[in-house]
Amino acid sequence: MADSPRSSPFNFSNFKDFKVISSSEVTPSGTPDNFLGVSPAQLASFSPSALDAATNAVGSSATVQLNAGPGFGKQPAQRDRLTDLSQLTQLNAGERRPVFGRTKSEMLERREIEEVIDLIRQRPGTISEAGLARLARANQLDFFADDYDWGKRLTLGGKISVIDVDLQLPSNKVSEVICTLTSSSSGPQRQTVLYNNLQEPTLDSFARNVERFARLDRLSPGPEKLAAGESDNFQIIENLYKTALARIHKHECSLHLDPESEGHGLPVIDDDGVLGLSIWYWSRQHKLSNDSSTTSKEKWRVIVEIDTGRSGSGWGVLQNNDYIGSDIVNPNGGINWQEPDYSNLEDQSNGFVLVLDPPVLIPYYDAAILDPNGEAEAETIPTLEGTEFKSLYSRRTIYDRNGDPIEYGFSLSSARMPETRRVEKIYISHPRQIQSVFEILRQSIRVRSLIDSVFHQRYLDSKPSHGSTPSLESFLLRSSLVSHPNSMTFHIESPYGKAPKLSLLLPTKDMSVSDCRISCFTFEIGRNGTIKVKSSSVNENLEYAGKRELEAALENGLNVSEDLGITGHWLYEQIQ
């Protein structure tokens, strides 16, 4: 391709008609002519079925924590978001604490206890009086059984809450679940989530929710403090939802911001089988319409809980404070978060916990920023077969615009990937930290989604599809791979503390000279999972006609599809 400017050779003007081919995997019948203008509905037929969660195949766990600081109240333009976490000021000047206020020994001891509890929780039993009695004892709840003509009313009672379960006999069918909170003025209320849990064949889901319910009850202030005006944990969670997160969500929607991919997430109460407050913060291929032909999307959320922390560390739930001022936005344009009454926090040992559902793998250096004192004890998990690179090969079928299948071979030329940790819980000092936590989680999830789109376990091959795969250097010297146009090579780099970069190299043909060349595209995945093309070359030309349009279309296509295979095929068609 000539270096001098001329009209763009790329087709950005029209879309072809799309159709979905019946298959065990919904695959595209072609790629769009115009990635720049592609809409979620139009790209729906190009989406593969949801990939398996990257974290499901990996074991181990780690607990990380986060500390409060004024940096969280700033706008994205004023700071480098999660990078700023390392600069957060401590509540007690001159004292260095873990960002989440936990010591090494506490973290390790808690992990051992949780492993035992998780093992027990896996076998909560079937729905019966004996099963509910055993569950009550495990969660330090009182248990009572009252006889009626129709069966029994089983009561699980805490110090400020009661769960009544009506059990029909002899069928052991649950006909009603009623919850009562001493702090509620509305009296006993039907609990739909717990009722639905008890329509399942076992106590599994019910047991997880009762554990959460019992912890909120057990860690709430006693009757004397409640009478003096303090709030119980149920009120605190509800207040966080109503006075802060729901208001922020409405504000972000008014700005046409997508809260689930850019903002504070979608807060919901008693959703998808979970009792209490959940915040949905990411879904795979979230830009695709929900009524598309793809299977149900994989989604991520955090469940907001309250748990014990370290007394006197400044970590605690707010009492008698508004989370956000009367105006949602402050003069600087950021969320108008209010400072807590620190005098209320000195003696508190309870604080907010974000339980990740599902857990997320994050680079060790991000985990170290969140919990610097816990780095040595945290278990690490190798990514992509370990930090020492091992070649990966895969094959995947992509359908062209005519519905014809094309098999592509993918190879990993090199990978500089850090070890990662499987994060399950994040302890925060103030709700204003939620968005910054989401930014790092979204980045890690999207990186894994892009890698999985071509190197997922189901695509892997034990040997290269077209002969031997060369190194990156030899590839650039027109190795034997150039003679196989249906091959793509990837280079993955994640420098310490910097945004990960993925480079896509593919053999293409310069029609002006009838010669095979190399085209290369490098894009960066930033906080919040944003994708930005950093460099590109077509047929080895760094400057080419239509460069800006091609890069903008490529960014849009990657953001919508989250699929390197589909994107690579589209690039082949555009360049050739």
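Would you kindly derive the ³J(HN,Hα) couplings of the range 550-557 from the backbone phi angles with the Karplus curve 6.51 cos²θ - 1.76 cosθ + 1.60 (θ = phi - 60°), listing them in order in whole Hz, with x for Gly and Pro?
Values, residue by residue: 5, 5, 5, 5, 5, 4, 5, x Hz.
How long is the gain from THR192 to GLU524 if the chain were fully straight, where each residue apart is worth 0.36 nm and the alpha carbon distance is subtracted? Provide the component values of the computation, followed by the final result.
On the way: separation 332, 0.36 × 332 = 119.52 nm, distance 4.41 nm.
Difference between extended and current length: 115.1 nm.
Could you list the square roots of 5 times each eigenvalue of the Cα gyration tensor of the range 500-576, that is, the equivalent ellipsoid semi-axes, sorted largest first and rounded to whole Å? Working shown, then result.
On the way: eigenvalues 100, 29, 23 Å².
The three semi-axes for the range 500-576 are 22, 12, 11 Å.
Ranked by accessible surface with a 1.4 Å probe, highest first, in what order do HIS286, HIS430 come?
On the way: HIS286 35, HIS430 0 Å².
If we order HIS286, HIS430 from most to least accessible, we get HIS286, HIS430.
Please give the solvent-accessible surface of LYS225 in Å², to the nearest 10, using a probe radius of 1.4 Å with every protein chain present.
Looks like 120 Å² after rounding.
Before I look further, what does the range 136-283 give for accessible area per residue, probe 1.4 Å, in whole square angstrom? Walk me through the intermediate numbers first.
On the way: 6920 Å² over 148 residues.
I get 47 Å² per residue for this part.
Non-local amide H neighbours of GLU424 (under 5 Å, H modeled in plane, Pro and chain starts lacking H): which ones?
Excluding prolines and chain starts, which carry no amide H, the hits are ALA62, VAL64.
Mind ranking TYR544, TYR496 by accessible surface for me, highest first, 1.4 Å probe?
On the way: TYR544 15, TYR496 155 Å².
From most exposed to least exposed: TYR496, TYR544.
For each pair in LYS250/LYS299; LYS425/LYS532; LYS225/LYS425; LYS501/LYS532; LYS242/LYS297, compute the distance between the two Cα atoms and list the pairs where it is over 19 Å. If you can, show how the numbers build up before the last one.
Numbers: LYS250/LYS299 21 Å; LYS425/LYS532 30 Å; LYS225/LYS425 29 Å; LYS501/LYS532 9 Å; LYS242/LYS297 27 Å.
Violating the 19 Å limit, Cα to Cα: LYS250/LYS299; LYS425/LYS532; LYS225/LYS425; LYS242/LYS297.
If I take R0 = 45 Å and measure r between the Cβ atoms of ALA138 and LYS534 in this structure, what FRET efficiency does the formula 1/(1 + (r/R0)^6) give, to the nearest 0.05? List each step's numbers first, then the result.
On the way: r = 53 Å, r/R0 = 1.17.
Given R0 = 45 Å and the Cβ-Cβ separation, E is 0.30.
I need the phi-derived Karplus couplings for the range 392-398: 6.51 cos²θ - 1.76 cosθ + 1.60, θ = phi - 60°, integer Hz, Gly and Pro marked x.
For the range 392-398, the Karplus curve yields 10, 10, 8, 10, 8, 9, 10 Hz.
So how far apart, in nm, are the two label points at LYS242 and THR126 if each is 7 Å from Cα heading toward Cβ?
For LYS242 paired with THR126, the spin-label model returns 4.2 nm.
Once the piece of chain linking SER414 and ALA145 is laid out straight, how much longer is it, given 0.36 nm per residue of separation minus the C-alpha distance between them?
Working: separation 269, 0.36 × 269 = 96.84 nm, distance 6.38 nm.
Going from the current span to full extension adds 90.5 nm.
7 Å from Cα along Cα→Cβ at both SER349 and ASP327: what's the point-to-point distance in nm?
Spacing of the two 7 Å Cα→Cβ label points: 4.2 nm.
Would the range 111-228 count as rounded, prolate or oblate if I go by the C-alpha gyration tensor, calling it rounded below 1.5 in a/c and otherwise prolate when a/b exceeds b/c, oblate otherwise? Could the numbers behind the result be given before it?
On the way: a/c = 1.97, a/b = 1.11, b/c = 1.77.
Oblate.
Once phi is turned into θ = phi - 60°, what whole-Hz ³J(HN,Hα) does the Karplus curve with 6.51, -1.76 and 1.60 give for every residue of the range 448-459, x standing for Gly and Pro?
3J(HN,Hα) across the range 448-459, in whole Hz: 5, 4, 5, 5, 5, 5, 10, 10, 5, 3, 6, 9.
Which sequence of LYS173, LYS299 reflects their accessible areas, 1.4 Å probe, from the largest down? List each step's numbers first, then the result.
Numbers: LYS173 115, LYS299 85 Å².
Most to least solvent-accessible, the answer reads LYS173, LYS299.
I'd like to check one number: the per residue accessible area of the range 496-576, probe 1.4 Å, reported in Å² as a whole number.
Values: 2820 Å² over 81 residues.
For the range 496-576, the per-residue accessible area is 35 Å².
List the residues whose amide H sits under 5 Å from the amide H of GLN338, counting only those 5 or more places along or on another chain, with H placed 1.01 Å from N in the peptide plane.
The list, which skips near neighbours in sequence, is ILE324, GLY325.
The values are calculated or read from the model by the stated rules, or taken from the named source; none is laboratory data. Only a predicted model underlies this, so the values are computations on that prediction, with no experimental measurement involved. Ideal geometry is used to build each Cβ from the backbone, glycine not excepted, and the neighbour counts take in all protein chains shown. These area figures cover heavy atoms from the full protein model, side chains too; ligands, DNA and RNA do not enter into them. Shrake-Rupley method; radii C 1.70, N 1.55, O 1.52, S 1.80 Å.
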